[in-house]
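Notes for the one structure printed next.
Bear in mind these aren't lab numbers, they're just calculated from the coordinates by the rules spelled out. These figures come from a predicted structure and were not determined experimentally. In this analysis, Cβ positions are derived from the backbone assuming ideal geometry, glycine residues included, and neighbour counts consider all displayed protein chains.
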Amino acid sequence: MICISVLILLFHGIDFLQVTLGFPETLILEPGANVTIWCQHNQMEPAYIYWFKHTNRSVPDQLDCQFYQKYSSTSSCNSVNQSDQVVMSVNSQNTSLTIAAVNHTDSGLYYCGVWQSNRISFRNA
């Protein structure tokens, strides 16, 4: 089985503060399954929206990024290596991350962040 956890994280200075509202969601999946996780952002202004993955043995890994503008189509950030296994989607209220055919290397903590006005805010996922 594969465990994918989703928590609420806030960025405070240079430290991460873990905030738990209720219990963090944990998904237990069989290898080969597809999973989609969601993050609400309600963007009214242009912003870069990111998905991150964190494991016990690494710093957070940036999985994908898209630039969002309300009346325009989203565009991928040039700095991210995109994968066919991981697909990000963004609309005015939510972003999703779909992982196809999960395996043990996909285990980790997943969360999204919105970069706007020279700061990043990590969102509920």
Below 8 Å, C-alpha to C-alpha, sequence gap of six or more: please give me the relative contact order for the stretch 42-125 in percent.
31 percent
Which whole number of Å³ per residue matches the convex hull of the alpha-carbon atoms in the stretch 30-114?
91 Å³
So which chymotrypsin sites (Phe, Trp or Tyr not before Pro) in the stretch 69-111 pass both tests, a DSSP loop state and at most 15 other Cβ atoms within 10 Å of the Cβ?
Y71
